[in-house]
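Structure first, commentary second.
The values are calculated or read from the model by the stated rules, or taken from the named source; none is laboratory data. Model, not experiment: these values are computed from the prediction. In this analysis, Cβ positions are derived from the backbone assuming ideal geometry, glycine residues included, and neighbour counts consider all displayed protein chains. Calculation scope for accessible area: heavy atoms of the full protein, side chains included, ligands and nucleic acids excluded. Shrake-Rupley method; radii C 1.70, N 1.55, O 1.52, S 1.80 Å.
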Amino acid sequence: MKARKIFLTDDEIPRQWYNILADIKMNPPLGPDGNPISPDDLAPVFPMNIIEQEVSDQRWIDIPEPVLDVLTLWRPAPLVRARSLEKALNTPAKIYYKNESLSPPGSHKPNTAVPQAYYNKEFGIERITTETGAGQWGSALSFACCQFGIECNVYMVRVSFDQKPYRKSMMEAWGGRCMASPSNQTEAGRAALERDPNTPGSLGIAISEAIEAAVNDSTGKTRYSLGSVLNHVMLHQTIIGLEAKKQMDMIGQYPDVIIGCAGGGSNFAGLAFPFVQDKINGKQIEIYPVEPAACPTLTKGPFVYDHGDTAKYTPLLPMHSLGHAFVPPPFHAGGLRYHGMAPTVSQLVVEGLIEPKSVTQLDAYKAGVLVARSEGLIPAPETTHALACVVDEAIKAREEGKEKVILFTWSGHGLLDFGAYDKYFSGQLQNDVLPDEELAKSEKVFENHPKPQKLKSR
Ligand SMILES: *Cc1c(COP(=O)(O)O)cnc(C)c1O
């Protein structure tokens, strides 16, 4: 029988992360005065060992042994051949995915939560604050903090807090604390509530709250943690692609197409970056980050300097952005409702090394259900966006009669997302499209910011 799943043993887990900063040029983050920030500027927010990683341009970085020890609770993750889906689509394409839904919280996010909790602990930090959209990051960090004996406080975007109450229970099971954002516990939260008492909240607002709570803690033992966007997060996630490469190698395959859904960019980057390195060195690969049409950061947002949060606490980051005050419509893929995008992923778009796509909510769910009915697993709403693109590519391969190899990340399961599935099945979900006027308005916020250079690394 042909293998459906390709496993690595615990001993074969990658021992180093791949740092794409060694291979591309980047605009620096800027402080309030318009000058590049220094590591010291970030010291109230992150522990110094993480800041050093954030700015490192060393190509390979060792994964600490205690981190590997926790990661092997569920890693290496299997590479799965989606044979049933291939059959359902009658496609000559070979479809493979990395199943990242097998971690304890059910997504790829603990790949970075675990090292972040570890580095904070090493630095003497006792409490971490963070935000969460759909609740995946909050639960991943609660799990990781629990492994290393640190407290975890989570600000959860209001709309998801209401839609997905069991994510809070999951955080509590691992000892985390979860509050709806905007809350009245921070200045940023109170300001947001004053602007709109019925706001669904946004990741931008929740990030402001979590940073404020960390920086204002007088003990000096609290730091903030971010689950996507930043360089060190992308770095930690490359374990996905490095494993996938070994696994594809074992069966003598190499991908023609790489696909991942993109909110802040981390699961996509995790799979794609080790292959982007090959592309920089001459390989032919199509690489697609996929985002929701209702929050089209890469496909419609310009490449600018913008803040990562609504209250402008973060430095100016060079990225594709819809504007730091952007509040997306309350569609059901909380993890993809972010106004910005990882600067590294944004830079690769600028350089034409990767090509972003967007899909509507209904097309995403349609693909999600089709895949659930063939492969069995029920995908997270975020993952369905990647699936819509995978299905399109597989159909294209059929029409062109090409035996393409497609590789994607199954970023998480949807077992706590049945509220959204219920709405889809009862016909209550619709396609939120973003009117151009709305976009033009939200993009006004960065009009006066400095402009990043369109650097080329090759
Ligand atoms: C958070 C999340 C995403 C989006 O975040 P990225 O940083 O873009 O990966 C996608 N899928 C799942 C399941 C998530 O939890």
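Data overview
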read-out: Search result, residues across the stretch 352-366 that are within 16 Å of the ligand (Cβ to nearest atom), over 18 Å from Pro435 (Cβ atoms) and either at pLDDT below 95 or not hydroxyl-bearing (Ser, Thr, Tyr) (or both); value: Ile354, Pro356, Lys357, Val359, Ala364
read-out: Close pairs from the stretch 165-177: first within 18 Å of Phe148 (Cβ to Cβ), partner among the basic types (Lys, Arg), Cβ under 9 Å, at least 6 apart; value: Met171/Arg177; Gly176/Lys168
read-out: Candidate set from the stretch 412-450 (those that are surrounded by fewer than 18 Cβ atoms within 10 Å (Cβ to Cβ) and closer than 21 Å to Leu316 by Cβ); member that is nearest to the ligand (Cβ to nearest atom); value: Leu439
read-out: Count of residues meeting criterion [outside any helix (DSSP H, G or I), without any contact (Cβ under 8 Å) to a residue 60 or more places away in the chain and basic (Lys, Arg)] in the stretch 357-385; value: 0
read-out: Of all residues in the stretch 192-239 being acidic (Asp, Glu) and surrounded by fewer than 19 Cβ atoms within 10 Å (Cβ to Cβ), the one that is nearest to Gly270 (Cα to Cα); value: Asp217
read-out: One residue from Asp69, Asp33, Asp40, Asp11 being among the acidic types (Asp, Glu) and either open to solvent by less than 40 Å² (accessible area, probe 1.4 Å) or assigned to a loop (DSSP other than H, G, I, E, B) (or both); value: Asp33
read-out: Residues located in the stretch 245-263, provided they are within 16 Å of the ligand (Cβ to nearest atom) and either touching a Leu at 6+ places or on another chain (Cβ under 6 Å) or open to solvent by 10 Å² or more (accessible area, probe 1.4 Å) (or both); value: Ile258, Gly260, Gly263
read-out: Residues satisfying the stated conditions in the stretch 328-342, i.e. of a type in the set (A, V, I, L, M, F, W, C), more than 11 Å from the chain's Cα centre (by Cα) and more than 8 Å from the ligand (Cβ to nearest atom); value: Phe331
read-out: Extreme residue, most open to solvent (accessible area, probe 1.4 Å), among residues of the stretch 80-108 that are of a type in the set (D, E, K, R) and away from the ligand (no atom under 12 Å from the Cβ); value: Lys87
read-out: Answer from Val349, Val345, Val390 - the residue that is within 16 Å of the ligand (Cβ to nearest atom), in a helix (DSSP H, G or I) and open to solvent by 10 Å² or more (accessible area, probe 1.4 Å); value: Val349
read-out: Selected residue (criterion: modelled with the highest pLDDT) from residues of the stretch 109-136 that are within 14 Å of the ligand (Cβ to nearest atom) and small (Gly, Ala, Ser); value: Ala113
read-out: Scan of the stretch 137-166 for residues that are open to solvent by less than 30 Å² (accessible area, probe 1.4 Å) and at pLDDT below 95, ordered by number; value: Val157, Val159, Ser160, Lys164
